[in-house]
Amino acid sequence: MMVENIVTIIAIFSLSAGALGVLFGALGLLRLGDVYQRMHGAGIIDTGGAGLILFGLLLASPEWTVSLRLVLIGLLLGLTSPTATHAIARAAHFAGVKPLIKTSPDAPIEKGANE
Amino acid sequence: MRSVYVSTILMFGLWLALSGHYTPLLLALGALSALGVSLLAKRMNVLDEEGLPMGILFRLPRVTLWIIWEILKSNLGVIRVIIAPSKAAPQLVTVSAGQHTAAGLVTHANFITLTPGTVSVQVDEDRNEIIVHGLTQEFCDATTDGSMDAKVSLLEKRKVSGA
């Protein structure tokens, strides 16, 4: 009984942290400067956010078949989401979108050269 | 032929996990389907080092905990920047990759993108370089210091000298 309670509490914390992560990721999409920076915000959503939510669901899952499916979803996300993010970044790079660059802490933020 | 066996076992395992039917007839049909698909894939020449990078696949557990820890750490870093966007000091840096197979290079680039704060923008297979967009100086330094490069190289089979 005790162990079950502890697992449930960890699951609740993990789900809440994941939800917060998704919230911050969405905030990042709105607040950050240019397309490349916004991608880092989206990165939180599909790593920390989705990961913690999946981990919470894993702890709360009633059957091993459900757990196994959650693990498979996690693996699939870990493989596909960076690939998709890279595809967007690469497309922006080759389309000539110049990233905002700030080389030193005091320097102003400015459009950088696109190598 | 080894790739056919491995792919059959992996696919039959996946089928077992997802189907939920455990009568002899359906089990046999599932195994036959897995074998048939593997043989077709072999015939199409997609079961090579790129289509089924067995070495990297089986050594992946070695770095799983490390990558999860890195992801959690850099998630907090990016959240800090999102709270105060003026802290952002984005840069493009070039990371040299020590991998000698295409699958290894892709794994390295994917790991860089998987940790928030760094996104691989371009992968140069000829020069073994990855151009990375980092959100702040710290994220760039963490990528260029070679620790991730070393971890990904652990996944690869050691290069046979002269090959």
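Could you list, in sequence order, the residues of the stretch B:125-148 that are in contact with a strand residue (DSSP E or B) (Cβ under 7 Å, 6 or more places away or on another chain) and within 16 Å of B:Gly98 (Cα to Cα)?
Residues satisfying the conditions are B:Asn128, B:Glu129, B:Ile130, B:Ile131, B:Val132, B:Thr143, B:Thr144.
To keep it simple, each residue is scored yes or no on (1) part of a loop (DSSP other than H, G, I, E, B); (2) farther than 20 Å from B:Ser3 by Cβ; (3) of a type in the set (A, V, I, L, M).
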{"site": "B:Ala28", "(1), (2), (3)": "no, yes, yes"}
{"site": "B:Leu39", "(1), (2), (3)": "no, no, yes"}
{"site": "B:Asn45", "(1), (2), (3)": "yes, no, no"}
{"site": "B:Glu50", "(1), (2), (3)": "yes, no, no"}
{"site": "B:Gly55", "(1), (2), (3)": "no, no, no"}
{"site": "B:Thr64", "(1), (2), (3)": "no, yes, no"}
{"site": "B:Ile67", "(1), (2), (3)": "no, yes, yes"}
{"site": "B:Glu70", "(1), (2), (3)": "no, yes, no"}
{"site": "B:Leu76", "(1), (2), (3)": "no, yes, yes"}
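Based on what the data block shows, is A:Asp34 at negative phi and within 12 Å of the chain's Cα centre (by Cα)?
no
Could you check the stretch B:1-19 and list, in sequence order, the residues that are within 14 Å of chain A (Cβ to nearest Cβ) and either surrounded by 15 or more Cβ atoms within 10 Å (Cβ to Cβ) or touching a His at 6+ places or on another chain (Cβ under 9 Å) (or both)? Break it down stepwise before answering.
Within the stretch B:1-19, the subset within 14 Å of chain A (Cβ to nearest Cβ) is B:10-11, B:13-19.
Correct list: B:Leu10, B:Met11, B:Trp15, B:Leu16.
Evaluate the following for B:Ile67: is it among the β-branched types (Val, Ile, Thr) and in contact with a Gly (Cβ under 7 Å, 6 or more places away or on another chain)? Before the answer, list the steps.
Details: among the β-branched types (Val, Ile, Thr): yes; in contact with a Gly (Cβ under 7 Å, 6 or more places away or on another chain): no.
Spelling it out, it is not the case that B:Ile67 is among the β-branched types (Val, Ile, Thr) and in contact with a Gly (Cβ under 7 Å, 6 or more places away or on another chain).
If you take the residues in the stretch A:56-68 that are of a type in the set (A, V, I, L, M, F, W, C) and at the interface with chain B (Cβ under 10 Å from one of its Cβ atoms), which one is surrounded by the fewest Cβ atoms within 10 Å (Cβ to Cβ)?
Taking the stretch A:56-68 and keeping what is of a type in the set (A, V, I, L, M, F, W, C), we get A:57-60, A:64, A:66, A:68.
In the following step, the residues that additionally are at the interface with chain B (Cβ under 10 Å from one of its Cβ atoms) were identified as A:64, A:68.
On the way: A:Trp64: 9, A:Leu68: 16.
So, considering only residues that are of a type in the set (A, V, I, L, M, F, W, C) and at the interface with chain B (Cβ under 10 Å from one of its Cβ atoms), the one surrounded by the fewest Cβ atoms within 10 Å (Cβ to Cβ) is A:Trp64.
Residue under question is A:Thr103, and the condition is that it be hydroxyl-bearing (Ser, Thr, Tyr) and either closer than 15 Å to B:Val119 by Cβ or in contact with a Leu (Cβ under 6 Å, 6 or more places away or on another chain) (or both); does it hold?
In short, no.
Taking B:Ile79, is it modelled with pLDDT of 90 or more and within 14 Å of another protein chain (Cβ to nearest Cβ)? Walk me through it before giving the result.
On the way: modelled with pLDDT of 90 or more: yes; within 14 Å of another protein chain (Cβ to nearest Cβ): yes.
Taking the combined requirement at face value, the residue satisfies it.
Considering only the stretch B:82-98, state which residues are more than 8 Å from every other protein chain (Cβ to nearest Cβ), buried (at least 21 other Cβ atoms within 10 Å of the Cβ) and not small (Gly, Ala, Ser).
Once the filter is applied, which keeps residues that are more than 8 Å from every other protein chain (Cβ to nearest Cβ), buried (at least 21 other Cβ atoms within 10 Å of the Cβ) and not small (Gly, Ala, Ser), the stretch B:82-98 yields only B:Val95.
Checking the structure you have, find out if any residue of the stretch B:45-64 is surrounded by 13 or more Cβ atoms within 10 Å (Cβ to Cβ), in the same structural domain as B:Lys151 (by TED's automatic domain parsing) and of a type in the set (Ser, Thr, Tyr).
No, the stretch B:45-64 contains no residue that is surrounded by 13 or more Cβ atoms within 10 Å (Cβ to Cβ), in the same structural domain as B:Lys151 (by TED's automatic domain parsing) and of a type in the set (Ser, Thr, Tyr).
Looking only at residues in the stretch B:101-145 that are in contact (Cβ under 8 Å) with a residue 40 or more places away in the chain and assigned to a loop (DSSP other than H, G, I, E, B), which one is farthest from the chain's Cα centre (by Cα)?
B:Thr136
Each row is one residue, and each column tells you yes or no for (1) part of a helix (DSSP H, G or I); (2) facing chain B (nearest Cβ under 10 Å); (3) out of contact with any Cys (no Cβ under 6 Å at 6 or more places or on another chain); (4) touching a residue at least 40 places away in the same chain (Cβ under 8 Å).
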| position | (1), (2), (3), (4) |
| --- | --- |
| A:Val3 | yes, no, yes, no |
| A:Ile9 | yes, no, yes, no |
| A:Leu15 | yes, no, yes, yes |
| A:Ala26 | yes, yes, yes, no |
| A:Gly48 | yes, yes, yes, no |
| A:Leu54 | yes, no, yes, no |
| A:Leu75 | yes, yes, yes, no |
| A:Ser81 | yes, yes, yes, no |
| A:His86 | yes, yes, yes, no |
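In the stretch A:31-41, what residues are within 9 Å of chain B (Cβ to nearest Cβ) and of a type outside the set (D, E, K, R)?
Of the stretch A:31-41, the ones within 9 Å of chain B (Cβ to nearest Cβ) are A:31-34, A:36-37, A:39-41.
Across the stretch A:31-41, the qualifying residues are A:Leu32, A:Gly33, A:Tyr36, A:Gln37, A:Met39, A:His40, A:Gly41.
The values are calculated or read from the model by the stated rules, or taken from the named source; none is laboratory data. Worth saying up front: this structure is predicted, and the values here are computed from it rather than measured. So basically every Cβ, Gly included, is an ideal-geometry build from the backbone, and we count neighbours across all protein chains shown.
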